[in-house]
Amino acid sequence: MAAIARCHAQRYPLPMNLEQAIFKLSNLSDRAILFVERIEGQFLPESRSVILELSDEELEVPVADIAKLRAPGTEYFLEAFIIQDMVQEWEGDPVLDQASRTQLIKTIINYAENDA
């Protein structure tokens, strides 16, 4: 943990939920990582989320340790580049309405919980 204290992750401090974070990631570095709070054991669209862009040194540290220090109460969710790829696939849909957004969020949560 001492190595973490010397590193300085870029943190995007605006309070946001998972849904907001997913769509904000398209404008950020693909090195960013999303950390998300579980609500009653689940990731939900309204879960509190923190986006961190880790330094090279922090990339060598277990993500659980990064979460404890930089995003307390959250846990690793996914790297930005994975979410960005999934969002880009859906952006090809000429009508990304609320139902489509909701389905995309569910797909990303399912991937994070079962495939990552």
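Conditions (1) assigned to a helix (DSSP H, G or I); (2) at pLDDT below 90; (3) of a type outside the set (Asp, Glu), marked per residue:
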site: TYR12; (1), (2), (3): no, yes, yes
site: GLU19; (1), (2), (3): yes, no, no
site: PRO45; (1), (2), (3): no, no, yes
site: ILE83; (1), (2), (3): yes, no, yes
site: THR107; (1), (2), (3): yes, no, yes
Of all residues in the range 30-49, how many are β-branched (Val, Ile, Thr) and surrounded by fewer than 18 Cβ atoms within 10 Å (Cβ to Cβ)?
1
What residue, of LEU25, LEU96, LEU54, LEU34, is modelled with pLDDT under 90, within 17 Å of PRO15 (Cβ to Cβ) and of a type in the set (A, V, I, L, M, F, W, C)?
LEU25
Hey, any hits in the range 64-79 for a residue that's of a type in the set (A, V, I, L, M, F, W, C), surrounded by 13 or more Cβ atoms within 10 Å (Cβ to Cβ), under 21 Å from SER26 (Cα atoms) and over 12 Å from the mean Cα position of the chain (by Cα)?
no
Filter result (of a type in the set (Ser, Thr, Tyr) and either free of Cβ contacts under 8 Å to residues at least 12 places away in the same chain or assigned to a strand (DSSP E or B) (or both)) within the range 85-105
SER100
Exactly one of (1) part of a helix (DSSP H, G or I); (2) under 15 Å from PHE23 (Cβ atoms); (3) in contact with a strand residue (DSSP E or B) (Cβ under 8 Å, 6 or more places away or on another chain); (4) of a type outside the set (Ser, Thr, Tyr) is unmet by ALA67. Its number?
(2)
Consider the range 50-62. How many of its residues are surrounded by fewer than 19 Cβ atoms within 10 Å (Cβ to Cβ) and closer than 20 Å to LYS24 by Cβ?
1
Would you say GLU19 is surrounded by 14 or more Cβ atoms within 10 Å (Cβ to Cβ) and not hydrophobic (A, V, I, L, M, F, W, C)?
yes
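Take the range 21-43 and flag every residue that is of a type outside the set (D, E, K, R) and assigned to a helix (DSSP H, G or I). Lay out the reasoning, then the answer.
Step one: of the range 21-43, the residues of a type outside the set (D, E, K, R) are 21-23, 25-29, 32-36, 39, 41-43.
ALA21, ILE22, PHE23, LEU25, SER26, ASN27 - these are the residues of the range 21-43 that are of a type outside the set (D, E, K, R) and assigned to a helix (DSSP H, G or I).
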Between residues in the range 14-30 that are touching a residue at least 40 places away in the same chain (Cβ under 8 Å) and residues that are of a type outside the set (Val, Ile, Thr) and part of a helix (DSSP H, G or I), which pairs lie under 7 Å by C-beta distance while being six or more apart or on different chains?
LEU25/ALA80; LEU25/GLN84; SER26/GLN84; LEU28/ALA80; SER29/ALA80; ASP30/ALA80; ASP30/PHE81; ASP30/GLN84
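The values are calculated or read from the model by the stated rules, or taken from the named source; none is laboratory data. Since we're looking at a predicted model, the values are computed, not measured. Virtual Cβ from ideal backbone geometry, glycine too; neighbours counted across all protein chains shown.
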